[in-house]
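The structure appears right after this line, and notes come after that.
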DNA sequence: CTCGTTCTTCTACAGAGCGTAGAACAAACC
DNA sequence: GGTTTGTTCTACGCTCTGTAGAAGAACGAG
């Protein structure tokens, strides 16, 4: 699967969280008023982003298959192709698939999840047939 | 966590599979006689790699914390810091951690593993307390 | 101790990916 | 039709990675 850059990921997060079709400018607006994942001391809000930058990023995301675009209306509208949960699950499979010792990796993985999540996993597996 | 390039990953795979300390040249030798993950039609074996290339890659892997190096003997010897299983499990956590909807992602994940692996997971979770 | 060999470090470059955005072009609105 | 709004084309700089030569350091032979 194609990987995502920082801005690309931020854009996808906005699309994933507001499960809707959005224009480039709407996306930009929601993006700038976001924590921006900086966590550094001092200002942490994202710099203003040019409209063309948004459009470039969205075009690339379209090429990569992460978004679809409605071209029939004038501000083109963008929508995430998959849910973030699906995307995450796919990534987990990808990471795991690269490893010949899948079992051992799975063992380490379940050995290091929180008890709460272990319980969640048990339930999920129980209801699976 | 730092990411790995193709060659870096190939080197790590050799180190992981032969759980031992190896010199740059020994690594190179094992590398060239490997399938090289190409799967394309025609020749798929890896091109010869210069010794200095190996050393550069290994230095970078050391900086990234993936290998340690014994500097006391003359051909320096390199060893993987973590097992591949640990590395894979860490990556899975990283992928998952990026997602606020962890539960949903886990659900998709366990929903798409093979029945055999589902069984494996059940056992692992059962023996976990 | 000196010389050649072996090994390592330093430096460098090219290609790809990504953030960035201006310039130019197209559409829509008044 | 001209202004405003939106899109595409083109492009540049930065970082990462694969690549490796040139230069320096250590080591064994004699």
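Only the coordinates and a few stated rules stand behind these numbers; no lab work does. Because the structure is a prediction, the values reported are computed rather than measured. Every residue, glycine among them, receives a Cβ derived from its backbone with ideal geometry; neighbour counts consider all protein chains shown.
Descriptive notes on the structure:
- For residue B:117, the distances from its label point to the matching points in the remaining copies are 1.6 nm, ordered from shortest, with each point set 7 Å beyond Cα toward Cβ.
- For chain B, the longest principal axis of the alpha carbon atoms and the long axis of helix B:102-111 meet at an angle near 90°.
- By the helix-only formula, in which each DSSP H run with n ≥ 4 contributes -39500 (n - 2.57) and the sum is divided by residues, chain B has a 222 nm mean residue ellipticity of -16500 deg cm²/dmol.
- Annotation for residue A:71 and residue B:123: the two label points, set 7 Å from Cα along the Cα-Cβ direction, are 5.3 nm apart.
- Relative intensity of the stretch B:6-80 on a log10 scale, I(q)/I(0) at q = 0.13, 0.15, 0.28 Å⁻¹, equals -0.36, -0.47, -1.47, per a Debye sum over C-alpha point scatterers of equal strength in the absence of solvent.
- For chain B, a Gaussian network of Cα nodes joined below 10 Å ranks B:100, B:75, B:115 by mean-square fluctuation, and the top entry is B:115.
- Gain upon complete extension [residue A:64, residue A:48; 0.36 nm per residue less C-alpha separation]: 3.3 nm
- Taking one quarter of the surface of the C-alpha convex hull of the protein assembly as shown gives a mean projected area of 19.1 nm².
- Against the main long axis of the alpha-carbon atoms of chain A, helix A:51-63 sits at an angle near 40°.
- Within the listed set A:92, A:12, A:54, the Gaussian network model of chain A (springs between alpha-carbon atoms below 10 Å) gives the highest mean-square fluctuation for A:92.
- Spread of Cα-to-Cα distances over 5 Å intervals beginning at zero, given as percent, for chain A: 2, 9, 15, 17, 14, 13, 12, 10, 6, 2, 0
- Gaussian network model of chain B, springs between alpha carbon atoms under 10 Å - residue of B:95, B:67, B:81 with greatest fluctuation: B:95
- Relative to the longest principal axis of the Cα atoms of chain A, the long axis of helix A:84-97 lies at roughly 50 degrees.
- Per residue of peptide B:50-61, the mean number of Cβ atoms on other chains within 10 Å of the residue Cβ is 0.
- Peptide A:116-126 is shielded by partner chain Cβ atoms: per residue, an average of 5 of them sit within 10 Å of its Cβ.
- Distances between copies at residue A:72, taken between label points 7 Å from Cα along the C-beta direction, are 7.4 nm in increasing order.
- Three-way shape call for the stretch B:84-126 based on the alpha-carbon gyration tensor, with the a/c threshold at 1.5: oblate
- What separates the residue B:19 label point from its copies, with the point 7 Å along Cα to Cβ, is 4.4 nm, written shortest first.
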